[in-house]
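Asker: Okay, here's the structure, questions in a sec.
The values are calculated or read from the model by the stated rules, or taken from the named source; none is laboratory data. The structure displayed is predicted, hence computed values, not measured ones. Please note: Cβ atoms are built from the backbone with ideal geometry, for glycine as well, and neighbour counts cover all protein chains shown.
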């Protein structure tokens, strides 16, 4: 098990994170660039010394600012770190890179190389490898080093989506198989969801919310978390429980329907949690004017305006009129201070 | 090189090089150059690494000092060395207690060569170390290597081509050192002084064979360094 509770001073804010990752569990630190996610990883790896903190791995204290202070150097931590730059040693062929830590037997090398699909690349120099192959070799090197924890700092961010997803699933399977606690840092929500059992949302050095990936997306703890996990607009709503009813009008003439908007209460609009048409039994009905529509994937993305609020949603078909009604499926409601209104709690399954 | 070869008389060259004691300066130059390289490797390599990694206090001051000794005319370096290590200076007194003298001795020749060549080596080696990605060193550390082993397994092999080129330049500079040498280490003289003395005493034609010797001695190391660096680069590119 990996536990870390650290505070690290940065120029503009203090990074404070507390996380516990069980053996074989996968946690994702998700947040915008500069939120302090990498600082947390580097503190666990021993590359950054915290102002205050405790890092333990498998019962070993790696960092402690208490008395007595403990600072296990990086080379004795048995913590593997995989960055966006895979960091292969350019003067060594793939085989020597894989065996760099010298803790693996030849049979294990063959097994891992086969699992990663790099068994034919062993004599090749890193300069001849593609981006995906380099990351596979770097991953294999960490696995052969028998690290007690796996830290992944946006390792596949520079790769195309298909390759990124394939490698993410590969790491997920391998870390579970080896019962290694793993922490992924990413600013791509889809990567975090594909990888993690648990998601920690970070912003400005603080953990804003922790929970299962679907729970965090469907019930963001605050308006800020909602913005970070992809909510693209907020419309006035009534806090009548569950976010059902209707809200807004295209001309800004106030609320209509069974539940009028409360002052300052808003419903979050996630573009993927919108259904065309009005169905108050499934969520909040919003009627708005179409400001723009463009193809998106297999459907359409539309910018709607309802009163003073505007939001973006994805629809299966191109809106056929300037005025459309949509249903926000079980949207989270936020109080004027930005916090989630508890009455709206109770996670609905994805539609 | 072509000019030199076209103006050489092979008969005169043979007689000049086979004269009694005529190759002694070559031996002196090779010995002093070898000791100089050893000093550069042992003392200046760690200094270069510390400069590249910002491990020295007042790094700008160090760099300014190196640039000064690079830009100063060698003759001036010789004059200043007299005031630094001459017999009436504190360092001269210490050397005296050790029964050593830093003027007109082999030691003086080595000191002059070190002063003339060190800036070339340190600046080249600093650039070679700075070009090594520190994230690779971090990665090696996280894979279990303590700092010294990281230096041996990652930093040194990656910086080696640059270090070899820097050493080759320093060698050429040391073996051909004249300005500082003529002031502080006239005896025992090496090849450059022999060229100068021969030129003064018997003329240009007699000095040319020794110029050829200097080139033959000075060139192989830089050439070998260049070939080796290019080969290492090719190997890395697979």
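Asker: So residue B:194 ticks every box in (1) in contact with a helix residue (DSSP H, G or I) (Cβ under 8 Å, 6 or more places away or on another chain); (2) over 30 Å from residue B:84 (Cα atoms) but one. Which box is left unticked?
Answerer: Among (1) in contact with a helix residue (DSSP H, G or I) (Cβ under 8 Å, 6 or more places away or on another chain); (2) over 30 Å from residue B:84 (Cα atoms), the lone unmet condition for residue B:194 is (2).
Asker: Go through segment A:85-105 and give me each residue that's surrounded by 22 or more Cβ atoms within 10 Å (Cβ to Cβ) and within 28 Å of the chain's Cα centre (by Cα).
Answerer: A:86, A:87, A:88, listed by residue number.
Asker: Check whether at least one residue in segment B:121-134 is within 17 Å of residue B:33 (Cα to Cα) and in contact with a helix residue (DSSP H, G or I) (Cβ under 6 Å, 6 or more places away or on another chain), and report yes or no. Step through it out loud before you land on a result.
Answerer: Restricting attention to segment B:121-134, the residues satisfying the condition of being within 17 Å of residue B:33 (Cα to Cα) are B:121-122.
Among the residues that remain, those that are also in contact with a helix residue (DSSP H, G or I) (Cβ under 6 Å, 6 or more places away or on another chain) are: B:121-122.
Yes, some residue in segment B:121-134 is within 17 Å of residue B:33 (Cα to Cα) and in contact with a helix residue (DSSP H, G or I) (Cβ under 6 Å, 6 or more places away or on another chain).
Asker: If you don't mind, there's one more thing I want to ask. Have a look at B:110, B:114, B:132, B:122 and point out the one that is under 30 Å from residue B:152 (Cβ atoms) and in a loop (DSSP other than H, G, I, E, B).
Answerer: Numbers: B:110 fails: in a loop (DSSP other than H, G, I, E, B); B:114 fails: in a loop (DSSP other than H, G, I, E, B); B:122 fails: in a loop (DSSP other than H, G, I, E, B).
When all the criteria are applied, what remains is B:132.
Asker: Within segment B:1-81, which helices (runs of 4 or more DSSP H) (wholly inside it) include 1 or more residues that are surrounded by 15 or more Cβ atoms within 10 Å (Cβ to Cβ) and either at pLDDT 95 or above or within 24 Å of the chain's Cα centre (by Cα) (or both)?
Answerer: Details: elements: B:2-7, B:10-18, B:24-39, B:45-52, B:59-71.
Qualifying helices (runs of 4 or more DSSP H): B:24-39, B:45-52, B:59-71.
For every residue, the table says whether it meets (1) under 28 Å from residue A:10 (Cβ atoms); (2) modelled with pLDDT under 90; (3) surrounded by 23 or more Cβ atoms within 10 Å (Cβ to Cβ).
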| site | (1), (2), (3) |
| --- | --- |
| A:152 | yes, no, yes |
| A:174 | no, yes, no |
| A:185 | yes, no, yes |
| A:222 | yes, no, no |
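Asker: Same structure, new question: Return yes when residue B:158 is at negative phi, buried (at least 19 other Cβ atoms within 10 Å of the Cβ), within 12 Å of chain A (Cβ to nearest Cβ) and assigned to a helix (DSSP H, G or I) and no when it is not.
Answerer: Details: at negative phi: yes; buried (at least 19 other Cβ atoms within 10 Å of the Cβ): yes; within 12 Å of chain A (Cβ to nearest Cβ): yes; assigned to a helix (DSSP H, G or I): yes.
Against the criterion (at negative phi, buried (at least 19 other Cβ atoms within 10 Å of the Cβ), within 12 Å of chain A (Cβ to nearest Cβ) and assigned to a helix (DSSP H, G or I)), residue B:158 qualifies.
Asker: Turning to a different aspect of this structure: Only residues that are without any contact (Cβ under 8 Å) to a residue 24 or more places away in the chain and within 25 Å of residue B:172 (Cα to Cα): list them for segment B:77-124, please.
Answerer: Across segment B:77-124, the qualifying residues are B:80, B:84, B:107.
Asker: Taking residue A:135 and the conditions (1) free of Cβ contacts under 8 Å to residues at least 40 places away in the same chain; (2) within 26 Å of residue A:93 (Cβ to Cβ), which numbered condition does it fall short on, given that it satisfies the others?
Answerer: With (1) free of Cβ contacts under 8 Å to residues at least 40 places away in the same chain; (2) within 26 Å of residue A:93 (Cβ to Cβ) applied to residue A:135, the lone miss is (1).
Asker: Here's a follow-up. Name, by its number, the condition in (1) at negative phi; (2) at the interface with chain B (Cβ under 7 Å from one of its Cβ atoms) that does not hold for residue A:87.
Answerer: Only one criterion is unmet by residue A:87, namely (1).
Asker: Limited to segment A:60-84, what total is found for residues that are within 18 Å of residue A:4 (Cα to Cα), within 14 Å of chain B (Cβ to nearest Cβ) and surrounded by fewer than 18 Cβ atoms within 10 Å (Cβ to Cβ)?
Answerer: Count: 4.
Asker: Within segment A:56-66, which residues are in a strand (DSSP E or B) and more than 24 Å from the chain's Cα centre (by Cα)? Give the steps one after another, and end with the answer.
Answerer: Within segment A:56-66, the subset in a strand (DSSP E or B) is A:56-57, A:60-64.
Across segment A:56-66, the qualifying residues are A:60, A:61, A:62, A:63, A:64.
Asker: How many residues are more than 17 Å from residue A:173 (Cα to Cα) and within 14 Å of chain B (Cβ to nearest Cβ) when one looks only at segment A:129-151?
Answerer: 5
Per-residue answers, yes or no, for (1) assigned to a helix (DSSP H, G or I); (2) in contact with a strand residue (DSSP E or B) (Cβ under 6 Å, 6 or more places away or on another chain); (3) in contact (Cβ under 8 Å) with a residue 60 or more places away in the chain:
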site: A:176; (1), (2), (3): yes, no, yes
site: A:183; (1), (2), (3): no, yes, yes
site: A:191; (1), (2), (3): yes, no, yes
site: A:194; (1), (2), (3): yes, no, no
site: A:217; (1), (2), (3): yes, no, no
site: A:225; (1), (2), (3): yes, yes, no
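Asker: Is it the case, given these coordinates, that residue B:199 is surrounded by fewer than 19 Cβ atoms within 10 Å (Cβ to Cβ), within 14 Å of another protein chain (Cβ to nearest Cβ) and assigned to a helix (DSSP H, G or I)?
Answerer: Spelling it out, it is not the case that residue B:199 is surrounded by fewer than 19 Cβ atoms within 10 Å (Cβ to Cβ), within 14 Å of another protein chain (Cβ to nearest Cβ) and assigned to a helix (DSSP H, G or I).
Asker: Does segment B:218-227 contain at least one residue that is outside any loop (DSSP other than H, G, I, E, B), away from every other protein chain (no Cβ under 14 Å), surrounded by 17 or more Cβ atoms within 10 Å (Cβ to Cβ) and free of Cβ contacts under 8 Å to residues at least 40 places away in the same chain?
Answerer: No, because not a single residue in segment B:218-227 is outside any loop (DSSP other than H, G, I, E, B), away from every other protein chain (no Cβ under 14 Å), surrounded by 17 or more Cβ atoms within 10 Å (Cβ to Cβ) and free of Cβ contacts under 8 Å to residues at least 40 places away in the same chain.
Asker: Sticking with this structure for a sec: Here is a list of conditions, (1) away from every other protein chain (no Cβ under 13 Å); (2) modelled with pLDDT under 90; (3) in a loop (DSSP other than H, G, I, E, B), and residue A:102 meets all of them except one; can you say which number that is?
Answerer: That leaves (1) as the condition not met.
Asker: Looking at (1) away from chain B (no Cβ under 14 Å); (2) under 18 Å from residue A:82 (Cβ atoms); (3) out of contact with any strand residue (DSSP E or B) (no Cβ under 7 Å at 6 or more places or on another chain), which is the only condition residue A:39 fails?
Answerer: All conditions are met except number (3).
Asker: Separate question: In segment B:134-149, which residue that is surrounded by 14 or more Cβ atoms within 10 Å (Cβ to Cβ) and within 21 Å of residue B:166 (Cβ to Cβ) is farthest from the other protein chains (Cβ to nearest Cβ)?
Answerer: Filtering first and then ranking leaves B:137.
Asker: Just the residues that are surrounded by fewer than 12 Cβ atoms within 10 Å (Cβ to Cβ) and assigned to a strand (DSSP E or B), please, taken from segment A:293-309. If you could, list the steps in order and put the result at the bottom.
Answerer: So in segment A:293-309, the residues surrounded by fewer than 12 Cβ atoms within 10 Å (Cβ to Cβ) come out as A:294-295, A:297-298, A:308.
Result: A:294, A:295.
Asker: For residue B:190, only one of the following conditions fails: (1) away from chain A (no Cβ under 14 Å); (2) buried (at least 21 other Cβ atoms within 10 Å of the Cβ); (3) farther than 17 Å from residue B:28 by Cβ. What is its number?
Answerer: Unmet for residue B:190, out of (1) away from chain A (no Cβ under 14 Å); (2) buried (at least 21 other Cβ atoms within 10 Å of the Cβ); (3) farther than 17 Å from residue B:28 by Cβ: (3).
Asker: Let me ask something else about it. I'd like to know if segment A:106-128 contains one or more residues that are modelled with pLDDT of 90 or more, assigned to a helix (DSSP H, G or I), within 11 Å of chain B (Cβ to nearest Cβ) and surrounded by 20 or more Cβ atoms within 10 Å (Cβ to Cβ).
Answerer: Yes; the residues of segment A:106-128 include at least one that is modelled with pLDDT of 90 or more, assigned to a helix (DSSP H, G or I), within 11 Å of chain B (Cβ to nearest Cβ) and surrounded by 20 or more Cβ atoms within 10 Å (Cβ to Cβ).
Asker: Kindly indicate whether residue A:154 is within 17 Å of the chain's Cα centre (by Cα), within 14 Å of chain B (Cβ to nearest Cβ) and within 25 Å of residue A:213 (Cα to Cα).
Answerer: Details: within 17 Å of the chain's Cα centre (by Cα): yes; within 14 Å of chain B (Cβ to nearest Cβ): yes; within 25 Å of residue A:213 (Cα to Cα): yes.
For residue A:154, the condition - within 17 Å of the chain's Cα centre (by Cα), within 14 Å of chain B (Cβ to nearest Cβ) and within 25 Å of residue A:213 (Cα to Cα) - is met.
Asker: Being assigned to a strand (DSSP E or B), at the interface with another protein chain (Cβ under 10 Å from one of its Cβ atoms) and either in contact (Cβ under 8 Å) with a residue 12 or more places away in the chain or exposed (fewer than 15 other Cβ atoms within 10 Å of the Cβ) (or both) is the requirement here; does residue A:53 meet it? Quick ask: steps written out before the conclusion?
Answerer: On the way: assigned to a strand (DSSP E or B): yes; at the interface with another protein chain (Cβ under 10 Å from one of its Cβ atoms): no; either in contact (Cβ under 8 Å) with a residue 12 or more places away in the chain or exposed (fewer than 15 other Cβ atoms within 10 Å of the Cβ) (or both): yes.
For residue A:53, the condition - assigned to a strand (DSSP E or B), at the interface with another protein chain (Cβ under 10 Å from one of its Cβ atoms) and either in contact (Cβ under 8 Å) with a residue 12 or more places away in the chain or exposed (fewer than 15 other Cβ atoms within 10 Å of the Cβ) (or both) - is not met.
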